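Quick note: the coordinates plus some simple rules give every number you see, no bench work behind them. Keep in mind that this is a model prediction, so the values were computed, not measured. Cβ atoms come from the backbone with ideal geometry, glycine included; neighbour counts cover every protein chain shown.
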């Protein structure tokens, strides 16, 4: 599979598109969101992308230079992958979802967001929940 075939194939989301952009040196401005894997479906798209292009997995450490929110995800990637592989056969990934949720708060902080409440975040005058 070529990168163009992947891009046109439809197994994409904002987090996998962010990986694609960093690895190919292209620009990607996600529509309305921090481009991190928010849930097991998002993570699965990233996982499948990195399986198709394994050299990119070795370069995952480049992600925070473009997308600071990726800072907590990079060192946890092997752990997240193990959870995904373990839970995927059941069709449900509660442990992976819980771990992604834990990392999300650290990701927002790495990206310059400030917590405004239990589920609220603020950056440059915009509220995020």
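Things to note:
- Residue list for segment 53-65, restricted to those being touching a helix residue (DSSP H, G or I) at 6+ places or on another chain (Cβ under 7 Å) and surrounded by fewer than 15 Cβ atoms within 10 Å (Cβ to Cβ): 59, 61
- For segment 88-111, filtering for residues that are surrounded by 12 or more Cβ atoms within 10 Å (Cβ to Cβ) and either under 12 Å from the mean Cα position of the chain (by Cα) or over 13 Å from residue 39 (Cα atoms) (or both) leaves 10.
- Looking only at segment 1-43, residues that are farther than 22 Å from residue 110 by Cβ and under 16 Å from the mean Cα position of the chain (by Cα) come to 3 in all.
- Just one of (1) touching a residue at least 12 places away in the same chain (Cβ under 8 Å); (2) more than 15 Å from residue 100 (Cα to Cα) fails for residue 46. It is (2).
- Evaluation of residue 121 against the conditions (1) surrounded by 12 or more Cβ atoms within 10 Å (Cβ to Cβ); (2) more than 25 Å from residue 27 (Cβ to Cβ); (3) touching a strand residue (DSSP E or B) at 6+ places or on another chain (Cβ under 7 Å) shows that the sole unmet condition is (2).
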